[in-house]
Amino acid sequence: MSASLSARPAPDPASALGFVPDFRLGIDLGGTKIEIIALGPDGTERLRKRVPTPQGDYAGTVRAIAALVADSEGALGGRGSVGVGIPGAISPATGLVKNANSTALIGHPLDRDLAAALGRPVRVANDANCFAMSEATDGAGAGAEVVFGVILGTGCGGGIVVHGRVLTGPNAIAGEWGHNPLPWAGADEMPGRRCYCGRVGCIETWLSGPGLAADYAGSAELPRGRAADAGLVAEHAAAGDADARAALDRHADRLARALAAIINVIDPDVIVLGGGLSKLDHLYEQVPRLWLPWIFTDRCATRLRRNRHGDSSGVRGAAWLWPPAGRTAARD
């Protein structure tokens, strides 16, 4: 895989699959839920369903996905292509899942196991890449040359789309900003919270839902599995809780610094926010103002936008990992 754009000419899906798909199935494998969507040939939604993710159970996760596919195909009376977005990546070196905040996936050949369970090839991509691809295609970043898609939820990830194609890189980590240090950290942010990845001070520990909740609670360390109750922090702030308001202001300032570092490197036209924290309205006014002092330019034309497709973006992008005949697909 080259270090530049990862998209390659894709074969006719019928040739790759060994059958002509009646629809495309996209699956969003998250830390708490697994969602499936079926898209018709014209991209219209034909079915949607979600189930809880079997916590810490890799084999159970594979079975849950296989059952979702079987149920969906039974309901629709056909057979589909299957694309899966995961909170991690398939290592080009080993073929095993790496860098997943759903740690039960790490070290397993998820694409091969799903292909065996479903009896057909399965395309697996990073969930942030799926989100970015969906929003760059016909979402909040449509028409932009360079789009950086951000997921702020249970974890913190990113994806880069350039001229309609996902950038992954030779290590399959392009856009993985969540496991870099928080830029320009203050004395009160040093050394930072411990992250599940084993390091200290990762952006994810500050900007994810659990990170915001931990900051509000005054926790010194971010426990794995803690509910991302950022919405509750916003509710308390709206009700006049000064501590909650201060936590939201700190979060916006940290997000501005983290995104300023991205702008300084890839200079995107549009940054699209996704995940549960993208629903925090104040971010779209505060962050573009707060990132200005950290950006190496006299004027910043990058636009910060809320996602257009909401919770559907990741699962839609997964479905489009299998393109119509004659198109190309971005692949991890």
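The values are calculated or read from the model by the stated rules, or taken from the named source; none is laboratory data. For clarity, every value in this text was computed on a predicted model and none was experimentally measured. Note that we place each Cβ from the backbone using ideal geometry, even for glycine, and neighbour counts take in every protein chain shown.
Quick notes
- Pair list, Cβ under 7 Å, 6 or more apart: the stretch 303-314 residue in contact (Cβ under 8 Å) with a residue 60 or more places away in the chain, other residue of a type in the set (Phe, Trp, Tyr): Arg306/Tyr284; Ser313/Phe131; Gly314/Phe131
- Of the residues Gly276, Gly211, the single one that is touching a Ser or Thr at 6+ places or on another chain (Cβ under 9 Å), touching a residue at least 40 places away in the same chain (Cβ under 8 Å) and surrounded by 20 or more Cβ atoms within 10 Å (Cβ to Cβ) is Gly211.
- For Arg123: the one exception among (1) over 15 Å from the mean Cα position of the chain (by Cα); (2) at pLDDT 95 or above: (2)
- For the stretch 272-291, the set of residues classified as more than 16 Å from Gly310 (Cα to Cα) and in a loop (DSSP other than H, G, I, E, B) consists of His282, Trp291, listed by residue number.
- Residue match in the stretch 164-173 (condition: over 14 Å from the mean Cα position of the chain (by Cα), farther than 24 Å from Pro323 by Cβ and either at pLDDT 95 or above or assigned to a loop (DSSP other than H, G, I, E, B) (or both)): yes
- Cβ pairs under 9 Å, 6+ apart, first in the stretch 186-200 and not assigned by TED's automatic domain parsing to the domain that holds Lys98, second among the polar types (S, T, N, Q) and part of a loop (DSSP other than H, G, I, E, B): Arg193/Ser219; Tyr196/Asn101; Cys197/Asn99; Cys197/Asn101
- Condition broken by Ala136, with the remaining ones in (1) assigned by TED's automatic domain parsing to the domain that holds His251; (2) under 27 Å from Gly43 (Cβ atoms); (3) crowded, with 24+ Cβ neighbours inside 10 Å satisfied: (1)
- Put simply, of Ala238, Ala260, Ala246, Ala217 the only residue that is surrounded by 15 or more Cβ atoms within 10 Å (Cβ to Cβ) and within 23 Å of Val287 (Cα to Cα) is Ala260.
- Some residue of the stretch 2-15 being modelled with pLDDT of 95 or more and out of contact with any Gly (no Cβ under 6 Å at 6 or more places or on another chain): no
- Boolean, Val97 is more than 14 Å from the chain's Cα centre (by Cα), crowded, with 24+ Cβ neighbours inside 10 Å and among the β-branched types (Val, Ile, Thr): yes
- Scanning the stretch 174-208 for residues that are of a type in the set (Asp, Glu) and either buried (at least 24 other Cβ atoms within 10 Å of the Cβ) or under 21 Å from the mean Cα position of the chain (by Cα) (or both) returns Glu176, Glu204.
Rundown of residues vs (1) assigned by TED's automatic domain parsing to the domain that holds Gly198; (2) at pLDDT below 95; (3) assigned to a loop (DSSP other than H, G, I, E, B); (4) touching a Pro at 6+ places or on another chain (Cβ under 7 Å), yes/no style:
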site	(1), (2), (3), (4)
Asp42	no, yes, yes, no
Leu47	no, no, no, no
Gly56	no, yes, yes, no
Ala64	no, no, no, yes
Ala67	no, no, no, no
Ala70	no, no, no, no
Val82	no, no, no, no
Gly85	no, yes, no, no
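- Gly155 touching a Pro at 6+ places or on another chain (Cβ under 6 Å), closer than 27 Å to Asn307 by Cα and buried (at least 24 other Cβ atoms within 10 Å of the Cβ): yes
- Selection status of Ser72, touching a Lys or Arg at 6+ places or on another chain (Cβ under 7 Å), surrounded by 22 or more Cβ atoms within 10 Å (Cβ to Cβ) and farther than 27 Å from Thr168 by Cβ: yes
- Matching residues in the stretch 21-59 - criterion: being among the hydroxyl-bearing types (Ser, Thr, Tyr) and in contact (Cβ under 8 Å) with a residue 40 or more places away in the chain: Thr32, Thr53, Tyr58
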